[in-house]
Amino acid sequence: MTLTQTVFVCHAKEDQQLSRDLTEFLERGSSVQVFLEEGEIGAGETIVSKAVDGLQAEVILLVPSPHSIPARWVRTEWEPALFDEPKRAGVKVGTIFAGQCEFAPLLREGGLFRRHRRQAGELSRDQALAAQPLWSPA
């Protein structure tokens, strides 16, 4: 029996096609269930507030882009949502950038937004699923 891993993709409506392509890639031939529609950032929400909704999944996958990044990073909002609450819930947090965007320097220093550059096709789906997360609450 294969266990299904759940992934909650937090993304802006403008990044829907990339997020759909990512979902298809993750679900194709593997035991991954992706919550895509639930992760779309709606009016009055940010990528940070939407990440809290993803705590029911095993992995929260943030898709930062110019469309999803808050105008101002408020530490008292992002620190619990992206570090503390996932750690308590045993949820891993990863990122896939959908474009150039600015983010809080402390997030970069904390390892959440590490940039890994790979050539297209260099990493297979199975390798990606088995790889160490970009960041995991310790």
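Close amide H contacts of Leu62 (hydrogens built in the peptide plane, cut-off under 5 Å, sequence separation of 5 or more or a different chain): Cys10, Gly94, Thr95, Ile96.
Karplus-based coupling profile of segment 14-22, in residue order and whole Hz: 5, 9, 4, 5, 4, 5, 5, 4, 4, with θ = phi - 60° in 6.51 cos²θ - 1.76 cosθ + 1.60 and x standing for Gly or Pro. For segment 11-108, taking the reciprocal of the average inverse distance between every pair of different Cα atoms yields a Kirkwood hydrodynamic radius of 13.8 Å.
Since every read-out is calculated from the coordinates, none of them should be taken as a lab result. Note that this is a predicted model, so its numbers are computed, not measured.
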